[in-house]
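Read the structure below first, then the notes.
The values are calculated or read from the model by the stated rules, or taken from the named source; none is laboratory data. Given the structure is predicted, the values throughout are model-derived calculations rather than measurements. Using ideal geometry, Cβ is built from the backbone for each residue, glycine included, and neighbour counts are taken over all protein chains shown. Keep in mind that these areas ignore ligands, DNA and RNA; they rest on the heavy atoms of the full protein, side chains included. Shrake-Rupley method; radii C 1.70, N 1.55, O 1.52, S 1.80 Å.
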Amino acid sequence: MEPPRLPPASLPAAFADLNRRDFLVGAAAASTLAALPLGGAFAAPISGGKTMGTIKTKDGTEIFYKDWGPKDAQPIVFHHGWPLSADDWDNQMMFFLLQGYRVVAHDRRGHGRSSQTDTGNEMDTYAADVIELADHLDLKGAVHVGHSTGGGEVAHYVARAKPGRVAKAVLIGAVPPVMVKSEKNPGGLPLEVFDGFRQQTAFNRAQFYIDVPSGPFYGFNRPGAKVDQGVIYNWWRQGMMGSVKAHYDCVKAFSETDFTEDLKKIDVPVFIMHGEDDQIVPIADSALIGIKLLKHGTLKTYPGLPHGMCTTHPDTVNPDLLAFIKG
């Protein structure tokens with residue numbers, strides 16, 4: 001007998017058409033690693049001291065973080081999307097580590113290995129947590145890279161960061177300026193869409209966290225798409241590590257926070273990268289509006305690429321990130 005499943009009527013069309021998939025546990029292909037063009041990069045460990053840990057914020061929340069590479073190198077700080085963790089940046093962390101950068105990624109409160117918080121699950125506190133993390137690690141001249149909800153976190157943090165902490169910012173498939181439909185934002189998604197997210201997260205999370213990556217997040221619902229089951233498993237794994245209450249609250253944070261004033265305030269170069277086939281954060285109501293609000297913004301769009309393009313197309317994303325950081 002199949003488990004009960006809540007009706008997806010209030011979700012966008014991409015979610016309503018999701019198909020249940022059978023999961024087959026298979027062995028990982030070790031030959032993939034052998035084929036990577038890394039030469040002798042792994043001949044010796046790359047280390048700069050303590051590589052992971054936690055900080056305790058002012059309200060007692062423990063924030064897990066990874067901190068890899070030379071501590072005197074320029075830091076790149078990665079901010080993950082909902083409902084994932086720092087692990088979503090594995091590809092980029094390794095790519096930039098091997099380029100000689102210091103790479104940092106944290107699990108947002110209520111996500112991954114950080115405390116399962118029932119309060120503070122909103123953008124003001126998310127940004128305050130990053131301020132405390134940057135102080136603890138003494139990050140100077142950092143590049144902050146955010147995907148999806150993480151892009152909102154980057155915008156909110158960079159707009160209020162201490163002088164000298166931030167050199168550049170990158171928003172990838174990011175939620176700013178604001179997602180929800182209103183009189184001021186007529187092109188946004190209806191509130192009912194996010195009510196559907198909340199309902200499925202609260203009462204059907206285990207299945208919902210299969211449906212999202214199986215379908216619109218990575219574009220696996222598109223005709224002819226090459227479905228990567230390992231990627232789906234990994235999305236589910238990361239999501240289920242976090243707090244259902246924090247994830248429920250975070251839907252409001254990513255959908256209803258208005259980042260317009262943050263974008264106007266940012267005074268460092270910002271690179272906006274957005275897939276033109278993003279079914280989660282539609283490009284017309286995000287990147288194409290946000291670029292007009294930035295003082296020093298650059299926009300690049302990617303025909304046919306999905307919301308999760310950092311995972312599906314790292315060979316496209318990583319070189320463009322590197323060029324911006326070096327530029």
**Study point:** Answer from 154, 175, 170 - the residue that is open to solvent by less than 10 Å² (accessible area, probe 1.4 Å), assigned to a loop (DSSP other than H, G, I, E, B) and at pLDDT 95 or above
**Key:** 175
Check your understanding: under 18 Å from the mean Cα position of the chain (by Cα), of a type in the set (Gly, Ala, Ser), crowded, with 22+ Cβ neighbours inside 10 Å and on the phi < 0 side of the Ramachandran plot: does that describe residue 214?
Key -> yes
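Of all the helices (runs of 4 or more DSSP H) wholly in segment 228-327, which have at least 2 residues that are modelled with pLDDT of 95 or more and over 21 Å from residue 188 (Cβ atoms)?
It comes to 229-241, 244-256, 309-312, 314-326.
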Practice item. Check segment 81-103 and report whether any residue there is in a strand (DSSP E or B), at pLDDT 95 or above and open to solvent by less than 10 Å² (accessible area, probe 1.4 Å). Key: yes
Check your understanding: Does residue 110 count as surrounded by fewer than 24 Cβ atoms within 10 Å (Cβ to Cβ), modelled with pLDDT of 95 or more and on the phi > 0 side of the Ramachandran plot?
Key -> no
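Quick one: in segment 261-303, which of the residues that are among the small types (Gly, Ala, Ser) and in contact (Cβ under 8 Å) with a residue 40 or more places away in the chain is surrounded by the fewest Cβ atoms within 10 Å (Cβ to Cβ)?
This residue is 284.
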Review point. Can you find a residue in segment 45-68 that is assigned to a strand (DSSP E or B), open to solvent by 10 Å² or more (accessible area, probe 1.4 Å), of a type in the set (D, E, K, R) and in contact (Cβ under 8 Å) with a residue 24 or more places away in the chain?
Key: yes
Check your understanding: Would it be correct to say that residue 138 is farther than 28 Å from residue 177 by Cβ and under 14 Å from the mean Cα position of the chain (by Cα)?
Key -> no
